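Peer 1: Here you go, one structure.
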Amino acid sequence: MATHIAGILLAAGDGSRLGQPKATVELAGSTLAERGVALLRDGGTDPVIVVTGAVPVELPGVVSVHNPDWMTGMGSSLATGLRALEGGATAAVIALADQPLVGAEAVRRLIAAHENGATVAVAAYDGKPRNPVLIDHVHWPAVIELATGDAGARPFLRAHPHLVTLVECGDTGSPVDIDTPQDLARVRAAATTPPGSPSGP
């Protein structure tokens, strides 16, 4: 049976510390929402769902789902994205719009781990679990039940550590977040560094 791995991009926040909604921030010629969609699509997910909130996001070939409770935090956006799939996928890879330096290879590795039997696969960087995260559909009801506030999938992952397969992705990109103008300046500098050049801390 063919597996359908969906992609969910959480892009609902208003970026209060950044001063503008993260989905609309431009980086190297594209918005963070566009980069996140490209990450999931290039990594092999289909369909790709963008969960919106503070601002609408309309991109070609993407299903945009509005989370009316976006102000309560990432948890409600994760639940909104999973509910939107309605069993139309065997697993979902969840990515965050504010981590634009994650590489598509990380998504491919999570999908490969799922094909090898992992029902929960988490990208790790130098051994530390970060994002993106793949969750098999059998766990979606439990994830939705525990997804509150800004924690996203973390309560579920902490409650079921035996299910988690860590997939090292430190060589594929960086999980650095954009939360403040200073973060954005650092990421912009990293994003314009030519491949193979030494990058800053």
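Read-outs: derived from the displayed coordinates by stated rules, not from any lab. Just so it is clear, the structure is predicted and the values come from calculations on it, not from any experiment.
Peer 1: Could you go through the stretch 161-170 in sequence order and give the Karplus-derived ³J(HN,Hα) for each residue, using 6.51 cos²θ - 1.76 cosθ + 1.60 with θ = phi - 60°, rounded to whole Hz, and x for Gly and Pro?
Peer 2: With coefficients 6.51, -1.76 and 1.60, one gets x, 5, 7, 7, 9, 7, 10, 5, 10, x Hz.
Peer 1: Also, I was wondering about something else. When only Cα pairs under 8 Å and 6 or more residues apart are kept, what is the percent relative contact order across the stretch 5-190? Mind dumping the intermediate values first?
Peer 2: Values: 409 pairs, mean separation 46.2, N = 186.
That works out to 25 percent.
Peer 1: Please report the antiparallel percentage of DSSP beta bridges with both residues in the chain, rounded to the nearest 5. Working shown, then result.
Peer 2: On the way: 11 of 31 bridges.
Looking only at bridges with both residues in the chain, the antiparallel portion is about 35 percent.
Peer 1: With viscosity set to 0.692 mPa s and temperature to 37 °C, compute the Stokes-Einstein D of the chain, Rh being the Kirkwood radius across alpha carbon pairs; µm²/s, no decimals. Intermediate results must be reported in sequence, preceding the final value.
Peer 2: Numbers: Rh = 16.7 Å.
This corresponds to a translational diffusion coefficient of 196 µm²/s.
Peer 1: Enumerate the amide H contacts of residue 52 below 5 Å, restricted to partners 5 or more residues apart or on another chain; note that Pro and chain-start residues carry no placed amide H.
Peer 2: 65, 66, 67
Peer 1: Applying the Karplus parametrisation 6.51 cos²θ - 1.76 cosθ + 1.60 with θ = phi - 60° to the phi angles of the stretch 100-108, what ³J(HN,Hα) value in whole Hz is obtained for each residue in order, glycine and proline being reported as x?
Peer 2: x, 9, 5, x, 4, 4, 4, 5, 4
Peer 1: For the chain, what does the helix formula give at 222 nm: sum of -39500 (n - 2.57) over DSSP H segments with n ≥ 4, over the residue count, nearest 500 deg cm²/dmol?
Peer 2: Details: 6 runs with 60 residues, N = 201.
Helix contribution divided over all residues of the chain: -9000 deg cm²/dmol.
Peer 1: What residues qualify as long-range amide H neighbours of residue 7, i.e. H under 5 Å apart, gap of 5 or more or another chain, H built at 1.01 Å from N?
Peer 2: Under 5 Å from the amide H of residue 7: 46, 48, 49, 93.
Peer 1: Enumerate the amide H contacts of residue 168 below 5 Å, restricted to partners 5 or more residues apart or on another chain; note that Pro and chain-start residues carry no placed amide H.
Peer 2: 124
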